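What follows is a set of notes on a single structure, which appears directly below.
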Amino acid sequence: MKIRTHTAHFTSPLYLESGRILEPFEIIYETYGELNEARDNVVLVCHALSGSHHAAGLYEGDRKPGWWDALIGPGKGIDTEKHFVICSNVLGSCFGTTGPMSPMYPSERPYRLKFPVVTVKDMVRAQRQLLSQLGIHHLKAIVGGSMGGMQALQFAVDYPGFADRIIPLATTYATRPWVIAFNKVAVEAIRRDPRFENGNYAPDAFREEGCDGLAIGRIAGHISYLSPASMDRKFGRNYVATDGLFELFGRYEVERYMEYNTNNFSRIFDPLSYLYIVKAINTFNLARGYDSLYEAVNRIRASVHLISFAGDYLFFPEEMRHLAKMLARNGQAYSYHEIESDYGHDAFLVEVEKFEEIIREILEEER
């Protein structure tokens with residue numbers, strides 16, 4: 001599968017939900033497969049908090065493929081022999097799209113904390129602008145998990161009829177206090193890290209040693225992404241063989257795993273970007289801008305295919321079931337699938353085999 005990476009430049013203003021304007025800005029995105037002559041085989045894939053435009057395949061020299069490589073590719077659930085797949089990096093990210101460490105035009109100084117707060121609605125508006133620039137005015141489907149699912153739902157509400165199918169996984173219609181509380185750990189850990197310097201750190205300050213505050217905050221995130229059952233299965237009560245049981249800072253295997261993964265993450269992900277994207281997740285509310293959630297959902301013209309996971313302790317299945325009941329009551333086209341899993345929230349990334357066929361069938365349905 002050939003991966004094509006592009007950067008789109010925009011000089012027209014992007015009007016944000018906050019009332020501020022972003023101008024100019026850039027979006028980096030990847031494409032897979034070929035656009036057919038009728039231009040009706042386009043699938044937009046939306047990424048989650050720590051994801052990027054690199055959803056599938058391998059670059060030369062890569063050790064790991066894109067984050068949803070198990071789902072996207074020739075013969076896979078999102079079959080790139082049939083579909084033209086686009087995945088763009090969201091506003092505020094640190095992987096190429098305009099974010100807080102991008103230069104603030106007309107100077108070359110980074111925005112840092114002067115970057116405007118962006119919302120999921122803003123992310124979607126920017127992607128809509130990208131698609132328009134590409135000459136794509138209708139989508140076969142929009143697919144995304146977690147924050148990507150938020151984007152898919154927001155697309156369905158804000159741009160009725162723009163896509164035929166909406167496939168959100170492991171997500172919600174509005175972020176609940178439980179999630180905001182987990183995110184607060186990360187926000188405060190980053191802000192209180194002396195090396196964060198109120199956002200005035202050097203661009204490469206954490207490349208070698210990482211950002212301790214981000215690493216600590218990411219531990220809270222990891223706990224919310226897994227489930228007690230998956231932790232029992234993965235780690236048990238195993239103790240690190242080289243650590244003494246009665247050493248104060250001796251570690252269980254679960255502790256070593258958290259240290260290793262979060263320290264690595266804090267070297268590659270920018271802490272300001274993390275703060276801005278977490279803010280977008282916290283402020284997500286599908287009803288905002290409409291009189292009620294009912295009014296927002298009633299705008300949807302696409303068929304909506306909700307996929308939740310039984311062991312998700314971040315966005316509980318009951319949140320997706322609430323949307324399903326609302327769609328059913330309205331007589332709107334929908335399906336609801338609750339996947340049996342005790343893995344946790346990250347099941348949408350690691351247990352693709354449990355829902356791949358569902359997505360394949362949805363994409364092959366006649367409209």
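The values are calculated or read from the model by the stated rules, or taken from the named source; none is laboratory data. Everything numeric in this text was worked out from a predicted model, so none of it was measured. For neighbour counting, all protein chains shown are included, and Cβ atoms are generated from backbone atoms with ideal geometry for every residue, glycine included. Remember, those area values only see protein heavy atoms, side chains included, never the ligands or the DNA or RNA. Shrake-Rupley method; radii C 1.70, N 1.55, O 1.52, S 1.80 Å.
For this structure, a couple of remarks:
- Hits in the stretch 72-110 - residues which are out of contact with any Pro (no Cβ under 9 Å at 6 or more places or on another chain), open to solvent by 30 Å² or more (accessible area, probe 1.4 Å) and either modelled with pLDDT of 95 or more or among the acidic types (Asp, Glu) (or both): PRO74, GLY75, LYS76, LYS82, PHE95, GLY96, GLU108
- Condition met for LEU131 (out of contact with any Ser or Thr (no Cβ under 7 Å at 6 or more places or on another chain), open to solvent by less than 40 Å² (accessible area, probe 1.4 Å) and either of a type in the set (D, E, K, R) or farther than 25 Å from VAL350 by Cα (or both)): yes
- Scanning the stretch 72-95 for residues that are within 15 Å of the chain's Cα centre (by Cα) and part of a loop (DSSP other than H, G, I, E, B) gives ASN89, VAL90, LEU91, GLY92, SER93, CYS94, PHE95.
- Candidates TYR313, TYR336, filtered to the one that is outside any helix (DSSP H, G or I) and touching a Lys or Arg at 6+ places or on another chain (Cβ under 8 Å): TYR336
- Conditions (1) of a type outside the set (Val, Ile, Thr); (2) in a helix (DSSP H, G or I); (3) closer than 30 Å to ALA70 by Cβ; (4) open to solvent by 20 Å² or more (accessible area, probe 1.4 Å): number failed by GLY148: (4)
- Which numbered condition ALA205 fails, given (1) out of contact with any Phe, Trp or Tyr (no Cβ under 6 Å at 6 or more places or on another chain); (2) part of a helix (DSSP H, G or I); (3) small (Gly, Ala, Ser): (2)
- When LEU113 is tested against (1) open to solvent by 10 Å² or more (accessible area, probe 1.4 Å); (2) among the aliphatic types (A, V, I, L, M); (3) under 20 Å from the mean Cα position of the chain (by Cα), just one condition goes unmet, and that condition is (3).
- Only one of ILE268, ILE223 that is β-branched (Val, Ile, Thr), surrounded by 15 or more Cβ atoms within 10 Å (Cβ to Cβ) and either within 27 Å of the chain's Cα centre (by Cα) or under 30 Å from PHE316 (Cα atoms) (or both): ILE223
- Scanning the stretch 7-26 for residues that are in a strand (DSSP E or B), open to solvent by 60 Å² or more (accessible area, probe 1.4 Å) and closer than 14 Å to GLN133 by Cβ yields THR7, HIS9, GLU26.
- Unique residue being over 21 Å from SER273 (Cα atoms), assigned to a strand (DSSP E or B) and among the small types (Gly, Ala, Ser) when the list is ALA141, ALA56: ALA141
- Test: residue in the stretch 278-299 that is surrounded by fewer than 15 Cβ atoms within 10 Å (Cβ to Cβ) and either of a type in the set (Asp, Glu) or closer than 30 Å to PHE196 by Cα (or both): yes
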